[in-house]
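Asks: Handing you this structure, nothing more for now.
Read the figures in this text as sums done on the coordinates, not as results from a lab. These numbers were taken from a predicted model, which means no experiment stands behind them. For neighbour counting, all protein chains shown are included, and Cβ atoms are generated from backbone atoms with ideal geometry for every residue, glycine included.
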Amino acid sequence: MGCVHLIDHPLIQHKLSIIRDATTGPKEFRELVEEIATLMAYEVTRDFPLEEVEIQTPIATAKAKVIAGKKIAVVPILRAGLVMADGIMKLIPAAKMGHIGLYRDPNTLQPVEYYCKLPADLQERDMIVVDPMLATGGSATAAIDFLKKRGTKGIKLVCLIAAPEGIARVQQAHPDVEIFVAAIDERLDDHGYIIPGLGDAGDRLFGTK
Ligand code: URA
């Protein structure tokens, strides 16, 4: 089964409580989502390999560690994943960004793909797929399916809030994918929203409701 990392650092929990609050407006919501994603990136990148190089400090020659040229692509699922992707890119600015556009059919709740643009060398890159809400798991599973069909191997999924149903679905379809979340909530409602969640992440990020 794919590993689930619950990143429950106090700063993340505090900021998450503010964005859950229905009275938090889009500007603050966006800023906090980006900050939380940056904080999560710290844990998501923990296994990045290091190599030793020799550097010259003002005092002496020293052996120092640097990240060993790992190639990464951050892939937000449009549109809600965009702001989280910016937050992650702050810590790994050399990463490339791909985009996958999926929307959830309101009747079937199934993901429908409408856009995809990925780095040309995606087979050489580890992918960090980003979507704030892991609800039914349909979009995340479809996005990961798509990346794997194109030859991607190492994939991590980063979400703010997950429902147990979404985690189970991704784990079942993609047991090799590590999942990083800041909270695991109770369950889904009849419309596929996470309870208690934070509402529609895309609408709250972009002020469209
Ligand atoms: N997508 C959202 O934006 N919110 C949910 O609660 C579920 C899916």
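Asks: If you project the alpha carbons of region 19-73 onto their three principal axes, what span does each projection cover, largest first, in Å?
Replies: For region 19-73, the Cα spread along each principal axis is 54, 26, 15 Å.
Asks: Would you kindly derive the ³J(HN,Hα) couplings of region 51-68 from the backbone phi angles with the Karplus curve 6.51 cos²θ - 1.76 cosθ + 1.60 (θ = phi - 60°), listing them in order in whole Hz, with x for Gly and Pro?
Replies: Ordered by residue, 3J(HN,Hα) equals 10, 9, 10, 9, 10, 10, 7, x, 10, 7, 7, 9, 8, 9, 9, 9, 5, 7 Hz.
Asks: Now for a separate question. Using only the C-alpha atoms of region 134-186, find the volume of their convex hull and express it per residue in Å³.
Replies: 59
Asks: Using amide H atoms built in the peptide plane, which far-off residues or other-chain residues are under 5 Å from Phe180 H to H?
Replies: Under 5 Å from the amide H of Phe180 lie the amide H atoms of His5, Leu157, Val158, Cys159, each far enough along the sequence or on another chain.
Asks: Just the Cα atoms of region 52-117, one point each, no solvent: what log10 I(q)/I(0) does Debye give at q = 0.27, 0.28 Å⁻¹?
Replies: Here the Debye-derived log intensity ratios amount to -1.09, -1.12.
Asks: Still on this structure: With θ taken as phi - 60° and the coefficients 6.51, -1.76 and 1.60, list the Karplus ³J(HN,Hα) couplings across region 9-14 in order, rounded to whole Hz; mark glycine and proline as x.
Replies: Working through the residues one at a time gives 4, x, 4, 5, 4, 4 Hz.
Asks: Still on this structure, please answer the following. Spelling out what I want: for every residue of region 130-139, take phi, set θ = phi - 60°, compute 6.51 cos²θ - 1.76 cosθ + 1.60 (Karplus), and round to whole Hz; glycine and proline get x.
Replies: Calculated HN-Hα couplings, in order: 10, 8, x, 10, 9, 8, 6, x, x, 5 Hz.
Asks: Order of 126-134, 149-157 by packing, highest average Cβ count within 10 Å first?
Replies: Highest-to-lowest ranking by the protection proxy: 126-134, 149-157.
Asks: Now, a different point. Ratio of Rg to Rh for region 85-209, alpha carbon only, Kirkwood?
Replies: Values: Rg = 14.3 Å, Rh = 15.1 Å.
Rg/Rh for region 85-209 comes to 0.95.
Asks: Based solely on its DSSP helices, what 222 nm [θ] is calculated for the chain when runs of n ≥ 4 H residues each add -39,500 (n - 2.57) and the sum is averaged over all residues, nearest 500 deg cm²/dmol?
Replies: Per the formula, -9500 deg cm²/dmol.
Asks: Check cross-link reach from Lys27 to the lysines: straight Cα distance under 20 Å, and skip same-chain residues fewer than eight apart.
Replies: Lys15, Lys90, Lys209
Asks: Give the Debye-formula value of log10 I(q)/I(0) at each listed q (0.13 Å⁻¹), with one equal scatterer per alpha carbon of region 1-95, two decimals each.
Replies: Values, matching the q order: -0.60.
Asks: Figure the gain on full extension for Lys70 and Ile195 (residue separation times 0.36 nm, minus the Cα-Cα span) and round it to one decimal in nm. Working shown, then result.
Replies: Details: separation 125, 0.36 × 125 = 45.00 nm, distance 3.71 nm.
Answer, rounded to one decimal: 41.3 nm.
Asks: Measuring from the lowest to the highest alpha carbon on each principal axis, how far does the chain reach, largest first, in angstroms?
Replies: 63, 39, 30
Asks: Let's see if you can work this out: charge +1 on each Lys and Arg Cβ, -1 on each Asp and Glu Cβ, no other charges. What is the dipole magnitude of region 66-186 about its Cα centre, in debye to the nearest 20?
Replies: Using only the charged Cβ atoms, the result is roughly 480 debye.
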